[in-house]
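> So that we are looking at the same thing, I have put the structure below in structure tokens.
The values are calculated or read from the model by the stated rules, or taken from the named source; none is laboratory data. Since the structure is predicted, the reported quantities are computational estimates derived from the model, not experimental observations. As a convention, Cβ positions derive from the backbone with ideal geometry for all residues, glycine included, and neighbour counts pool all protein chains shown. Surface areas here come from the heavy atoms of the whole protein model, side chains and all, with no ligands, DNA or RNA. Shrake-Rupley method; radii C 1.70, N 1.55, O 1.52, S 1.80 Å.
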Amino acid sequence: MSATTDTSLPEGSPRIYSREFVFLLCVLSLVVLVVITASLSRVYHKQVHTLADSWFAHGQRDMQAGNITAALTDYRNALVYNPNNTRFQFSLATALAAAGHGNEARAYLLNLLSESPGRGEVNLELARIAVQNNQLADAERYYQGAIYGEWDADPIATRWQIRRELCEFLLDHGLMKQATPEVIALAENTPAGDTQRLKIVGPLLLRTQQWTRAQELYRDLLAADRSDDEALAGAAKAAFELGQYSDALQYFDRMPRERRDTPDLASAYGMAQRVLAVDPFVSGLSANAKAQRATAALTLAQSRLQNCARQNGESLLETPPRTDLQILWARFQRTQTDWSERDLERFPERLDASMEFVFGAENAAAKSCHEPQGDDRALWLLGRSTSVVNR
Amino acid sequence: MGSALPARTKFRTRWEAWAATVFVMREDRLFLLLAVLIGIFSGLAVVCFRLAIDWTQIALLGPSLYPPFPRVVIAPTLAGVVVAVLVIHVFPGVRGSGVNHTKAAVYISNGYVPFVTVIGKFVTCAIAIGSGQSLGPEDPSLQMGAGIASLIGRSLRLSTEKLRLIAPVGAAAGLAAAFNAPISAVLFVVEEVIGTWSAGALGAIVLAAVSSVVTMRAFLGPESLFRVPPFRVAGPAEMLAYAVLGVAGGGASLLLLKLIVYARPKLQALPSWTQYLQPAAAGLLIGLIGIRLPQVMGAGYAIVDQAMHGQFTWKLLLLLAALKMLATGFSFLSGTPGGTFAPTLFIGAMLGGAIGTIEHHFFPFVTGTVGTFALVGIGTLFAGFLRTPITSVFMVIELSGNYTAILPVIISTMIAYVISRAYQKVPLFDLLARQEGLILPSVEERRETMARAVEDAMRADGVIICEPADQLAELSRRAEANAEAALLLRVKPGEWWLLDREELIRRAPDASPTTTAVHLKSKGPVPYLFRDQTLEEALQVLGDWPLLPVINRADLAKLEGILTLEDTLRAFRKPHIEEKDL
């Protein structure tokens with residue numbers, strides 16, 4: 001017994017009940033209590049985990065049966081008994097999202113994300129909820145998180161699918177600048193022989209105006225199957241946009257008529273035909289035919305300039321000429337005597353200059369007024385086409 | 001000779017020798033060791049208590065969050081009858097608040113908490129909470145901790161002083177394990193039970209709280225009562241949103257307090273036979289609510305977790321908050337044993353979630369999630385209802401493990417606290433104690449009572465400062481001009497002497513010009529005071545001195561006034577400004 005304690009035992013108390021003895025008794029009873037509590041807690045945890053797993057299994061069954069409401073209750077019950085089980089939390093979040101409760105799901109997913117930021121499936125669910133809520137920046141961020149996140153099963157294929165989803169989301173929301181690198185990355189991650197995926201990537205390349213890449217992709221597809229309608233349509237469209245009207249026409253001609261006449265292709269097909277019909281540089285044309293086409297083009301360009309000036313309330317005869325239309329008109333007035341059909345036939349070297357004027361006039365009118373239609377549009381497209389540049 | 005001793009005596013001799021070596025420690029050291037032991041015991045008790053509640057709940061209501069009808073009505077009703085019988089016939093001491101029982105142990109019964117109340121609280125609260133009564137396990141855990149501590153203290157025959165302190169130590173351990181929040185538990189016990197930051201008790205309280213939480217976590221895991229989703233708090237403009245929550249929380253806590261103020265005496269005044277029926281009636285009413293909204297039943301931590309994760313619409317959140325208030329009122333007023341901490345957290349979370357959702361709807365720029373508002377709401381209700389503002393702030397931080405919320409929580413809790421105080425003068429625990437016929441010291445009042453200072457009692461007149469070189473004739477003239485004034489001789493800065501007035505007047509006429517003040521009979525040096533010291537300190541210094549000089553802390557030669565016993569007593573008689581207002 002300590003000699004310095006404040007209280008001493010009452011006289012006559014048996015020493016066996018001293019403070020030290022009671023203390024030891026406390027420690028011993030503590031050990032017994034620890035053993036009892038440990039046993040009880042083991043039984044409790046076992047029971048609770050059984051209950052949690054049972055509720056979760058119920059939930060999975062209900063989800064598979066399409067009974068989302070029941071599944072939600074089951075998952076919530078499972079979480080009562082095992083609140084930190086991330087699989088349960090994710091399943092509840094998925095069920096909530098499936099039931100249209102995106103915001104409710106979001107809170108659970110954010111919880112999961114804070115615990116494991118690299119978890120792909122959580123990022124993906126968050127991205128989809130952000131899409132539903134029209135939160136574009138969040139959606140893009142979470143999609144990126146999902147693409148570069150961890151995936152247990154077939155990560156390459158899963159990432160490809162998510163990138164595709166991201167590309168479609170960006171394009172659907174007009175985010176062309178952000179979509180372009182993603183589509184290019186998607187195309188580069190697509191195996192060459194995988195026709196199914198190439199057919200998914202092709203339209204995305206077209207939507208992002210990656211004409212050359214799209215053309216190469218469709219050529220690969222056509223190399224595997226020459227009569228593949230979808231590949232022919234894609235190749236035709238890519239060739240058309242690249243100004244390769246002759247190639248485009250060939251692809252169009254190889255398509256079945258009913259496919260070619262679908263609204264999305266018919267106008268391109270018609271325009272390709274027009275472009276080739278007005279092009280004086282088509283190989284194989286006689287000098288006379290070239291001259292005739294150039295003369296017709298000059299006439300069209302002249303009236304296009306006049307119409308556009310009239311529409312703008314502008315006089316083409318103003319001196320000195322100031323606007324593009326006036327400058328072009330003044331130039332035409334000076335040189336038109338050199339560009340008669342006969343002169344163009346006799347002096348083919350003047351063809352380039354005359355057509356340069358035509359393209360310049362169509363371009364200026366398109367800028368000043370509106371995009372041209374009909375043969376004017378054909379000439380305008382011809383002027384812009386790389387085939388002319390390369391010629 | 002040793003070999004001749006009987007075996008028992010030999011053992012005893014060895015034991016005493018060993019004990020003398022191991023247990024030679026002062027009582028305050030033993031007290032710290034005991035705190036750890038109490039913490040572990042309390043932690044184990046709380047683990048068993050929680051298991052008991054969960055098992056009872058599974059047995060009575062089933063394993064689902066949504067118990068089926070008619071079980072949802074029958075279970076709490078029948079359990080109410082059982083609880084009433086147990087409380088009336090077996091464990092009459094379990095009625096009332098565990099906090100007040102612990103305070104009574106400190107202030108009335110020298111640390112005595114009957115151990116039967118520990119068993120009683122364990123059994124009756126497990127049945128009540130497990131059957132769906134809208135009560136929580138924290139207050140019973142607190143009392144169980146206090147009871148265990150008291151038993152250990154008594155068994156070890158601690159001094160009365162330590163016995164008084166041991167109940168709060170156990171209370172902190174019990175509460176810490178129940179909340180899984182040691183800091184909040186320590187603060188609560190300091191803030192509400194003992195009322196002072198006593199260095200002697202604080203170490204033991206902290207040790208007990210920490211060891212109980214460690215024990216509890218060893219068996220039930222480190223997880224918080226509910227998971228708080230990640231959140232962030234944007235700029236200062238957003239604080240306005242939390243101020244609104246503070247106002248709503250203050251109103252709600254006031255409503256709950258007023259319900260208790262109004263209804264509890266009325267129910268207590270009913271004939272005694274109704275006490276058999278009151279818990280059952282409460283159970284029946286809660287069961288009826290539970291048919292449609294079983295979320296209000298029990299402690300409701302799982303539901304708070306769901307609210308944190310934005311699982312309810314604002315309408316449902318408001319409805320749950322209102323019905324939980326009602327259900328808690330039924331359970332608590334019926335005399336069913338159990339605590340109000342968990343229901344307070346529940347109501348706060350629901351109210352916070354609702355306010356957050358509504359604010360989001362009207363002000364989409366508010367960035368705080370529903371979970372953030374629910375979390376802040378918890379602290380708000382806690383501060384408004386239980387009137388423990390510091391605990392409330394730290395509890396939120398401890399539960400969330402995130403300091404980001406500290407500003408919103410402070411703003412919201414303080415508003416709620418001020419509103420609650422303004423319209424309900426007596427805090428909950430004091431109110432309950434008074435209703436039970438106990439006048440326990442009000443910690444809130446004590447906390448806010450301003451100590452009277454020397455400057456409240458001192459006066460600047462009535463003293464003549466004399467210098468050592470002052471001639472007696474001149475001093476005598478001054479003394480005669482001011483007949484009542486005392487004469488203080490400033491020997492040097494910080495050294496003052498009291499001159500004998502009568503001697504001065506007697507010697508002055510015959511004194512030579514070289515006779516100065518230092519030649520007079522004087523008493524000193526006089527202890528001095530500073531104006532900011534308390535009058536309690538001044539009284540201790542005053543002793544037999546007729547007056548004490550009050551001097552400047554920066555200039556010990558400068559006299560600011562004098563203090564007499566009469567002045568001091570007059571100041572004590574004078575009411576404080578706040579007291580006058582009341």
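> Checking B:Val123 against (1) within 14 Å of another protein chain (Cβ to nearest Cβ); (2) open to solvent by 10 Å² or more (accessible area, probe 1.4 Å), which single condition isn't satisfied?
Looking at each condition in turn, B:Val123 falls short on (1).
> Right, here's the next one. When you check B:Pro63 against the structure, is it assigned to a helix (DSSP H, G or I) and either closer than 22 Å to B:Ser272 by Cβ or at pLDDT 90 or above (or both), yes or no?
Against the criterion (assigned to a helix (DSSP H, G or I) and either closer than 22 Å to B:Ser272 by Cβ or at pLDDT 90 or above (or both)), B:Pro63 does not qualify.
> Quick test for you: out of A:Arg259, A:Arg274, pick the one residue that is open to solvent by 30 Å² or more (accessible area, probe 1.4 Å), at pLDDT below 90, in contact with a helix residue (DSSP H, G or I) (Cβ under 9 Å, 6 or more places away or on another chain) and not in a loop (DSSP other than H, G, I, E, B).
Numbers: A:Arg274 fails: at pLDDT below 90.
Answer to the selection: A:Arg259.
> Take the stretch B:145-164 and flag every residue that is within 13 Å of chain A (Cβ to nearest Cβ) and among the hydrophobic types (A, V, I, L, M, F, W, C).
B:Ile148, B:Ala149, B:Leu151, B:Ile152, B:Leu156, B:Leu158, B:Leu163 - these are the residues of the stretch B:145-164 that are within 13 Å of chain A (Cβ to nearest Cβ) and among the hydrophobic types (A, V, I, L, M, F, W, C).
> Suppose we keep only residues that are assigned to a helix (DSSP H, G or I) and farther than 30 Å from B:Ala383 by Cβ within the stretch B:255-278. Which one would you say is farthest from the chain's Cα centre (by Cα)?
Ranking the candidates gives B:Trp273 first.
> For the condition at pLDDT 95 or above and farther than 24 Å from A:Leu265 by Cα, what is the one hit in A:Leu175, A:Leu166, A:Leu204?
A:Leu166
> Working only within the stretch B:40-74, note down all residues that are in contact (Cβ under 8 Å) with a residue 24 or more places away in the chain, open to solvent by less than 20 Å² (accessible area, probe 1.4 Å) and at the interface with chain A (Cβ under 7 Å from one of its Cβ atoms).
If the condition is that a residue be in contact (Cβ under 8 Å) with a residue 24 or more places away in the chain, open to solvent by less than 20 Å² (accessible area, probe 1.4 Å) and at the interface with chain A (Cβ under 7 Å from one of its Cβ atoms), then B:Leu44, B:Val47 are the ones that fit.
> Also, quick follow-up: Can you pull out every residue in the stretch B:466-488 that is surrounded by 17 or more Cβ atoms within 10 Å (Cβ to Cβ) and in contact with a strand residue (DSSP E or B) (Cβ under 9 Å, 6 or more places away or on another chain)?
B:Cys466, B:Asp470, B:Leu472, B:Leu475, B:Ala479, B:Ala486, B:Leu487, B:Leu488
> Can you name the residue in the stretch B:202-224 that is part of a loop (DSSP other than H, G, I, E, B) and open to solvent by 30 Å² or more (accessible area, probe 1.4 Å) and, of all such residues, is nearest to the other protein chains (Cβ to nearest Cβ)?
Filtering the stretch B:202-224 for residues that are part of a loop (DSSP other than H, G, I, E, B) and open to solvent by 30 Å² or more (accessible area, probe 1.4 Å), the one nearest to the other protein chains (Cβ to nearest Cβ) comes out as B:Glu223.
> Another one. Would you pick out the residues in the stretch B:107-120 that are in contact (Cβ under 8 Å) with a residue 40 or more places away in the chain and either surrounded by fewer than 24 Cβ atoms within 10 Å (Cβ to Cβ) or closer than 17 Å to B:Ala280 by Cβ (or both)?
First, pick out the residues of the stretch B:107-120 that are in contact (Cβ under 8 Å) with a residue 40 or more places away in the chain: B:107-108, B:110-113, B:118, B:120.
B:Tyr107, B:Ile108, B:Asn110, B:Tyr112, listed by residue number.
> When you scan the stretch A:60-147 for helices (runs of 4 or more DSSP H) that lie fully inside it, which ones turn up with 3 or more residues that are over 23 Å from A:Cys167 (Cα atoms)?
The helices (runs of 4 or more DSSP H) meeting that bar are A:68-81, A:86-98, A:102-115.
> Return only the number of the condition from (1) within 30 Å of A:Pro83 (Cβ to Cβ); (2) more than 14 Å from chain B (Cβ to nearest Cβ); (3) in contact (Cβ under 8 Å) with a residue 24 or more places away in the chain; (4) open to solvent by 50 Å² or more (accessible area, probe 1.4 Å) that A:Arg164 does not satisfy.
Here A:Arg164 clears every test but (1).
> Now for a different question. In the set A:Ala71, A:Ala107, A:Ala52, A:Ala95, which member is open to solvent by less than 30 Å² (accessible area, probe 1.4 Å), at pLDDT 90 or above and within 11 Å of chain B (Cβ to nearest Cβ)?
A:Ala52
> Within the stretch B:308-345, work out how many residues are open to solvent by less than 10 Å² (accessible area, probe 1.4 Å), away from chain A (no Cβ under 14 Å) and under 21 Å from A:Ala105 (Cα atoms).
1
> Then there is this: Across the stretch B:348-378, which residue is nearest to B:Gly249 (Cα to Cα) among those that are within 12 Å of another protein chain (Cβ to nearest Cβ) and without any contact (Cβ under 8 Å) to a residue 24 or more places away in the chain?
The residue in question is B:His360.
> If you don't mind, another one. Given the residues A:Glu314, A:Glu371, which is the only one that is assigned to a loop (DSSP other than H, G, I, E, B) and farther than 28 Å from A:Ala239 by Cβ?
The unique qualifying residue is A:Glu314.
> Among the residues of the stretch B:226-276 satisfying the criterion of being within 14 Å of another protein chain (Cβ to nearest Cβ) and surrounded by fewer than 19 Cβ atoms within 10 Å (Cβ to Cβ), which is nearest to A:Leu40 (Cα to Cα)? Break it down into steps so the answer makes sense when it comes.
So the first thing to find is which residues in the stretch B:226-276 are within 14 Å of another protein chain (Cβ to nearest Cβ), and the list is B:226-232.
Among the residues that remain, those that are also surrounded by fewer than 19 Cβ atoms within 10 Å (Cβ to Cβ) are: B:230, B:232.
Numbers: B:Pro230: 34, B:Arg232: 40 Å.
Within the stretch B:226-276, the match that is nearest to A:Leu40 (Cα to Cα) is B:Pro230.
> If I ask for residues that are among the hydrophobic types (A, V, I, L, M, F, W, C) and either in contact (Cβ under 8 Å) with a residue 40 or more places away in the chain or open to solvent by 10 Å² or more (accessible area, probe 1.4 Å) (or both), which ones from the stretch A:234-249 would you list?
Within the stretch A:234-249, A:Phe240, A:Leu242, A:Leu249 meet the criteria.
> How many residues, within the stretch A:334-382, are buried (at least 19 other Cβ atoms within 10 Å of the Cβ) and over 39 Å from the mean Cα position of the chain (by Cα)?
The total comes to 7.
> How about the stretch A:300-319: which of its residues are under 12 Å from A:Ser368 (Cα atoms), out of contact with any Phe, Trp or Tyr (no Cβ under 9 Å at 6 or more places or on another chain) and not charged (D, E, K, R)?
A:Asn307, A:Cys308, A:Gln311, A:Asn312, A:Gly313
> If you don't mind, another one. Among the helices (runs of 4 or more DSSP H) lying completely within the stretch B:489-582, list those that include at least 2 residues that are open to solvent by less than 70 Å² (accessible area, probe 1.4 Å) and of a type in the set (Phe, Trp, Tyr). Quick ask: steps written out before the conclusion?
On the way: elements: B:501-507, B:535-542, B:565-573, B:577-581.
Ranges flagged: none.
> Suppose the filter is in contact with a Gly (Cβ under 9 Å, 6 or more places away or on another chain) and over 21 Å from B:Gly339 (Cα atoms); does B:Pro92 pass it? Steps first, answer last, please.
Numbers: in contact with a Gly (Cβ under 9 Å, 6 or more places away or on another chain): yes; over 21 Å from B:Gly339 (Cα atoms): no.
So B:Pro92 does not fit the description; no.
> Continuing with the same structure: Pick from the stretch A:167-199 the residues that are among the acidic types (Asp, Glu) and within 29 Å of A:Ser227 (Cβ to Cβ): which of them is most open to solvent (accessible area, probe 1.4 Å)? Don't jump to the end; show me each part of the working.
Of the residues in the stretch A:167-199, the ones among the acidic types (Asp, Glu) are A:168, A:172, A:182, A:188, A:194.
Subset that is within 29 Å of A:Ser227 (Cβ to Cβ): A:168, A:188, A:194.
On the way: A:Glu168: 58, A:Glu188: 127, A:Asp194: 40 Å².
Among those that are among the acidic types (Asp, Glu) and within 29 Å of A:Ser227 (Cβ to Cβ), it is A:Glu188.
> Among the residues of the stretch A:304-316, is any out of contact with any Leu (no Cβ under 9 Å at 6 or more places or on another chain), free of Cβ contacts under 8 Å to residues at least 24 places away in the same chain and buried (at least 17 other Cβ atoms within 10 Å of the Cβ)?
The answer is no; no qualifying residue exists.
> Continuing with this model, one more query. Does B:Met395 qualify as being away from chain A (no Cβ under 14 Å), open to solvent by 10 Å² or more (accessible area, probe 1.4 Å) and aliphatic (A, V, I, L, M)?
Details: away from chain A (no Cβ under 14 Å): yes; open to solvent by 10 Å² or more (accessible area, probe 1.4 Å): no; aliphatic (A, V, I, L, M): yes.
Taking the combined requirement at face value, the residue does not satisfy it.
> I need the full set of residues from the stretch B:266-301 which are touching a residue at least 60 places away in the same chain (Cβ under 8 Å) and over 21 Å from B:Pro343 (Cα atoms), in order please.
B:Gln268, B:Gln275, B:Tyr276, B:Leu277
> Separate question: Take the stretch B:415-450 and flag every residue that is outside any helix (DSSP H, G or I) and modelled with pLDDT under 85. Before you say what the answer is, go through the steps one by one.
Quick first cut of the stretch B:415-450, residues outside any helix (DSSP H, G or I) only: B:424-427, B:436-442, B:449-450.
If the condition is that a residue be outside any helix (DSSP H, G or I) and modelled with pLDDT under 85, then B:Glu436, B:Gly437, B:Leu438, B:Ile439, B:Leu440, B:Pro441, B:Ser442, B:Thr449, B:Met450 are the ones that fit.
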